[in-house]
Structure formats: C-alpha cells, structure tokens
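Participant: What follows is a single structure, and I will ask about it in a moment.
The values are calculated or read from the model by the stated rules, or taken from the named source; none is laboratory data. Being a predicted model, the structure only gives us computed values, none of them experimental. Ideal geometry is used to build each Cβ from the backbone, glycine not excepted, and the neighbour counts take in all protein chains shown. What goes into the accessible areas is simple: the full protein's heavy atoms, side chains included, and nothing from ligands, DNA or RNA. Shrake-Rupley method; radii C 1.70, N 1.55, O 1.52, S 1.80 Å.
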Amino acid sequence: MKKVITYGTFDLLHHGHVSLLRRARALGDYLIVGVTSENFDKERGKLNVRRSLPERVADVLATGLADEIIVEEYEGQKIDDIQRRGVDIFAIGSDWADKFNYLREYCRVVYLERTKDISSTMIRDATRRAISLGIIGNGRVADRFVPESKYVSGVDVTGVYNPREESARSFRDRHELRFATGDLDHFFSLVEAVYIASPHHTHASYTRAALLAGKHVLCEKPLVLTAAEAVELHDLAAARRLVLLEALKSAYCPGFKRLVNLVKSGAIGQVKDISASFTKLVEGRPRELTDRQAGGSITELGSYVFLPAIKLLGVEHGRVTFHSWRDGEGVDLFTRGLVEYPSATASFKVGLGVKTEGNLVISGTKGYAYVPAPWWKTEFFELRRENPGDVKKYFYKFDGDGLRYELDEFVRLVNDGERRHSYMFSPAESIATARLIESFREGKNTTQIH
Ligand code: CTP
C-alpha cells in the first residue's frame with residue numbers, strides 16, 4: 001500500500017484545498033493529512049486562523065479524501081511522522097516549492113500545482129472587514145506598534161492623533177498612515193477603535209473620551225494610576241458594551257499563558273512565593289524619569305512584576321510594603337516590595353537606575369518554576385524539583401516586540417460582539433494592578449533608601 005502524507009492549516013476549507021487533497025490522494029492508496037494545531041500556528045506566527053482545530057479537522061474529514069488525520073504540533077514533526085508511519089510520498093502545494101526537499105532523505109517529495117486565485121487569507125480578508133484603528137500618542141511604543149499590527153489580520157491602523165499635530169504628521173508619514181490630526185473629535189469620527197500610547201498620566205482622560213465617543217480601547221499599561229479610575233473606566237466600557245483592554249504584553253504571549261496554566265494546574269504544588277524582577281537602565285533624561293506626574297520604576301514597570309502574583313495568587317491581597325530609592329525630584333529609580341497573601345508572598349524589584357537579574361521564580365510545595373530574563377517576553381522556562389536532574393524545559397515563541405499578541409486578542413474581542421473581557425488580563429486584574437500602583441504612589445508602607 002502506497003502511503004501519501006500532506007500538511008496544512010486548512011482554515012475556511014476552500015476548493016484549492018480540496019483539489020490539493022484529491023491530487024495527493026491519487027498519488028497513492030492511503031492519504032494522511034496533518035492539520036496544524038492552534039499552538040503550532042501561533043508559534044510560527046500565523047495568528048489569523050479563524051476556525052478551531054476540531055472544526056478544521058471536521059472540514060477535512062468531510063471531504064471524504066483523508067484516510068487518516070493527524071495533528072501537526074511542532075517543527076520537525078514531518079520527519080517523525082514520515083518515518084513512523086512508513087510514508088512513501090510527501091505532497092504539498094507548489095507555494096512551498098523546494099522548501100521540503102530535505103524530506104527526500106525519507107520519502108518521495110511531490111509539489112502539486114497550487115490552485116490559482118484562492119487562499120484562506122483571501123477568504124479571511126474578504127469576509128472580515130478590517131477594524132479601523134487610530135493611535136493616540138506617537139512615542140516609542142507606537143513606533144513599534146504599527147509594524148507589529150501588520151501581523152494581525154482584521155485590523156488596519158489608519159491614523160494618529162497628537163495634540164502637537166506636527167509630530168502626528170511626521171508619524172503618519174513615517175508609517176504611511178492615512179491621516180494625522182490634532183483634533184480629538186475629528187480623530188474619533190474617523191476610527192472604530194483606538195490604541196492609546198500617550199504619556200501615562202493622560203491614559204485615563206483619553207480612555208474616558210474614547211469610550212464616551214463609542215470607541216473600543218486598547219490602552220498601554222499602566223491603564224491608569226488609581227483603582228477608582230480603573231473601576232470607573234471598566235464600568236463605563238461594560239455599560240457601553242465596548243472593549244477596554246490593557247496592553248500588558250506579557251499577559252497575552254503564548255509562553256506566559258502556558259506558564260500560568262501549568263502552575264495553576266499544580267505542576268509545582270501549592271504556590272508559596274513569587275519573586276519577579278524587571279529593571280531597565282535608562283540614559284539621559286527620558287520620559288520615564290522626567291514625567292513628574294507619572295514617571296518612575298513602579299509606573300513604568302510595576303504592571304509587569306505584579307502580573308505573576310495577580311494571575312497566580314489572585315486580585316485580593318493583604319499588606320503591601322515598599323523600599324524605594326528616589327532621585328532628587330522624587331522619581332523612584334529603584335523599588336522593591338512585598339505583597340502579602342494569606343497563604344503566600346510575592347516580592348518584586350523594578351528599576352530604572354539600578355540593574356538586577358530580570359528573572360521570575362515561582363516557588364511551590366513540589367518544586368519551582370524558573371523563567372530567566374527577560375521573563376516578561378516568556379520564551380523559555382523550566383520546572384525544577386528537589387532532584388536537580390528532574391527538570392522540565394518549555395520553549396515558546398515570542399515574535400517581534402510581542403505587541404501582536406495583545407492586538408490579536410483585542411481584535412478577537414471587538415469582532416466577537418459577545419465576549420467583551422479577556423481572560424488573559426481581566427478588568428479585575430487590571431483594577432488590582434492599578435490599586436498596587438496607587439498604593440505605592442500614595443507612599444503607603446514605604447521605606448526610603450538613600
Ligand atoms: N493549497 C493549494 N491551493 C490553494 C491554497 C492552498 O493547493 N489555492 C494547498 C497548499 O499549498 C497546502 C494546502 O493546500 O498544500 C494547505 O494550505 P493552507 O496553508 O492551509 O492554505 P492557504 O489557503 O494557502 O492558507 P493561508 O492563506 O492561510 O496561507
């Protein structure tokens with residue numbers, strides 16, 4: 001019996017797929033179809049797949065052309081599949097011409113002519129109107145955001161607002177956007193959703209204005225600087241059925257989500273302590289230091305180091321204490337602190353003027369999770385136990401600047417219509433973050449280091 005194998009995402013199954021499967025089947029007597037898992041697609045940067053794995057498997061099954069369906073989960077799996085299953089022919093569309101010649105060591109490789117003028121991407125583009133998204137504020141992160149947005153389907157960054165219109169205009173030209181304006185009402189009239197990347201202390205007022213104008217909001221972290229503002233804005237979004245998502249990139253990236261799920265499912269026993277650090281030495285007098293109203297390490301980096309504690313130990317906690325070193329003008333250059341929970345503690349360090357090892361350690365009753373720096377762009381972590389030989393290593397993809405993951409979740413929520421909150425970083429978690437930032441800014445339980 002001659003066995004043929006082929007692979008694909010097979011999203012929104014179309015006649016190009018069917019024709020490929022038919023011709024692949026005709027090459028032998030038995031056709032195995034590898035359908036990519038959601039994780040694998042995400043890992044290889046394909047964030048726009050519409051149908052779930054079970055749906056795509058069912059679609060391929062319904063063609064009646066596959067004798068067997070397998071799931072493709074990792075790079076290099078084809079070599080294993082071909083050898084383990086005694087495959088004679090590997091077939092794939094001509095868009096992959098020569099890419100799989102390395103499989104010739106294991107079987108015959110056939111490139112089948114791709115059907116013209118049809119692809120899943122075309123169908124996705126034709127059926128999903130792109131959300132028109134405008135950017136408020138055009139600082140450094142906004143410069144990274146526009147190129148990242150190209151990796152997310154269903155969204156089109158159309159323009160930019162800055163009260164200093166000239167700055168907006170040069171941003172527009174740099175990124176080839178359609179418009180730039182210094183008039184906020186005009187800006188709102190041109191977009192469906194906004195990404196707020198303005199200075200921290202302006203987030204609350206822009207978010208409020210955008211929600212009142214009926215726009216969905218993706219706001220850079222920290223969303224706001226007080227719990228009351230966070231509550232008010234999340235309530236406002238809920239009342240208006242709008243999406244309000246805080247753009248804390250680590251919360252949405254595949255590696256960090258998997259780490260949280262593993263720890264939550266008991267991989268290291270009960271969590272008793274978390275230690276997270278994030279420091280970034282800044283030079284000169286950048287916004288992080290000169291913004292008298294909202295500069296400093298906690299407002300800049302606190303959201304990241306609070307995240308593991310909030311995700312794993314919850315939004316309710318006890319006392320919070322800080323040790324902080326400030327510059328002559330009161331901006332914190334380094335802060336370490338402790339959040340107390342009834343059955344655990346979470347400590348953190350953030351700094352703009354002090355460098356520490358930027359890792360994350362989650363300690364449990366059966367072992368610990370170790371995430372090396374930069375843990376906030378989680379690509380790799382280990383679960384370790386008492387026996388030093390008992391180590392499990394996990395690798396994930398963190399593409400580009402990572403902003404594509406939060407934008408992808410935002411677009412999903414906007415298009416969903418029903419689901420307005422993300423489980424990856426919920427309103428309650430965003431409010432808890434604001435509360436921690438606020439307690440530091442109020443100077444509660446803070447010891448100054450000189
Ligand atoms: N295929 C084809 N003709 C097309 C589209 C796809 O022969 N018009 C083949 C591909 O070459 C591959 C298989 O179908 O062998 C599965 O491809 P997949 O990547 O799932 O489909 P695309 O439509 O190309 O998806 P996308 O637009 O997301 O890249």
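Participant: Show the residue pairs meeting these rules: Cβ distance below 6 Å; 6+ apart or different chains; first residue within the stretch 89-105 and closer than 19 Å to Leu21 by Cβ and at pLDDT 95 or above; second residue acidic (Asp, Glu) and open to solvent by less than 20 Å² (accessible area, probe 1.4 Å).
Facilitator: none
Participant: Kindly indicate whether Ala210 is more than 20 Å from Arg420 (Cβ to Cβ), open to solvent by less than 60 Å² (accessible area, probe 1.4 Å), touching a strand residue (DSSP E or B) at 6+ places or on another chain (Cβ under 6 Å) and modelled with pLDDT of 95 or more. Steps first, answer last, please.
Facilitator: Values: more than 20 Å from Arg420 (Cβ to Cβ): no; open to solvent by less than 60 Å² (accessible area, probe 1.4 Å): yes; touching a strand residue (DSSP E or B) at 6+ places or on another chain (Cβ under 6 Å): yes; modelled with pLDDT of 95 or more: yes.
For Ala210, the condition - more than 20 Å from Arg420 (Cβ to Cβ), open to solvent by less than 60 Å² (accessible area, probe 1.4 Å), touching a strand residue (DSSP E or B) at 6+ places or on another chain (Cβ under 6 Å) and modelled with pLDDT of 95 or more - is not met.
Participant: Also, I was wondering about something else. Can you tell me which residues in the stretch 327-358 are over 23 Å from Thr290 (Cβ atoms), out of contact with any strand residue (DSSP E or B) (no Cβ under 6 Å at 6 or more places or on another chain) and open to solvent by 30 Å² or more (accessible area, probe 1.4 Å)?
Facilitator: Glu340, Pro342, Ser343, Glu357
Participant: Also, quick follow-up: Taking the residues in the stretch 13-60 that are assigned to a loop (DSSP other than H, G, I, E, B) and near the ligand (Cβ under 8 Å from one of its atoms) as candidates, determine which candidate is most open to solvent (accessible area, probe 1.4 Å). Step through it out loud before you land on a result.
Facilitator: From the stretch 13-60, those assigned to a loop (DSSP other than H, G, I, E, B) are 13-14, 27-29, 37, 44-52; that's our starting set.
Filter once more, so that each one left must be near the ligand (Cβ under 8 Å from one of its atoms): 14, 46, 48-49.
On the way: His14: 22, Lys46: 68, Asn48: 37, Val49: 21 Å².
Result: Lys46.
Participant: Out of the residues in the stretch 106-149 that are of a type in the set (Lys, Arg) and farther than 30 Å from Ser198 by Cβ, state the one that is modelled with the lowest pLDDT.
Facilitator: Checked the stretch 106-149; the qualifying residue modelled with the lowest pLDDT is Arg124.
Participant: May I pose another question? Within the stretch 278-319, work out how many residues are more than 21 Å from Glu438 (Cβ to Cβ) and open to solvent by 50 Å² or more (accessible area, probe 1.4 Å). First the steps, then the outcome.
Facilitator: Taking the stretch 278-319 as the starting set, the residues that turn out to be more than 21 Å from Glu438 (Cβ to Cβ) are 279-286, 290, 312.
Those left that are additionally open to solvent by 50 Å² or more (accessible area, probe 1.4 Å): 280-281, 283-285, 290.
Adding up the residues that qualify gives 6.
Participant: I'd like to verify a number: residues in the stretch 259-277 that are crowded, with 17+ Cβ neighbours inside 10 Å and assigned to a helix (DSSP H, G or I), how many?
Facilitator: 4
Participant: Across the stretch 384-432, which residue is surrounded by the fewest Cβ atoms within 10 Å (Cβ to Cβ) among those that are of a type in the set (A, V, I, L, M, F, W, C) and touching a Phe, Trp or Tyr at 6+ places or on another chain (Cβ under 6 Å)? Outline the logic, then answer.
Facilitator: The initial filter retains those residues of the stretch 384-432 that are of a type in the set (A, V, I, L, M, F, W, C), namely 391, 395, 398, 403, 407, 410-411, 413-414, 424-425, 428, 431-432.
When the remaining residues are screened for being touching a Phe, Trp or Tyr at 6+ places or on another chain (Cβ under 6 Å), the result is 395, 403, 424.
Values: Phe395: 10, Leu403: 27, Met424: 19.
Selected residue: Phe395.
Participant: Additional query: Count, please, the residues in the stretch 352-379 that happen to be in contact with a helix residue (DSSP H, G or I) (Cβ under 7 Å, 6 or more places away or on another chain), in a strand (DSSP E or B) and closer than 18 Å to Phe398 by Cβ.
Facilitator: The number of residues fulfilling the criteria is 3.
Participant: Tell me which of these Leu242 doesn't satisfy, since it passes every other one: (1) within 17 Å of Leu413 (Cα to Cα); (2) surrounded by 24 or more Cβ atoms within 10 Å (Cβ to Cβ).
Facilitator: It is condition (2) that Leu242 fails.
Participant: Scan the stretch 218-235 and give yes if some residue there is among the small types (Gly, Ala, Ser), in a strand (DSSP E or B) and buried (at least 16 other Cβ atoms within 10 Å of the Cβ), otherwise no.
Facilitator: Here is the first cut: in the stretch 218-235, the ones among the small types (Gly, Ala, Ser) are 227-228, 230.
In the following step, the residues that additionally are in a strand (DSSP E or B) were identified as none.
Checking the stretch 218-235: not a single residue is among the small types (Gly, Ala, Ser), in a strand (DSSP E or B) and buried (at least 16 other Cβ atoms within 10 Å of the Cβ).
Participant: Out of everything in the stretch 433-445 that is surrounded by 19 or more Cβ atoms within 10 Å (Cβ to Cβ) and polar (S, T, N, Q), what residue ends up being nearest to Glu409 (Cα to Cα)?
Facilitator: Result: Thr433.
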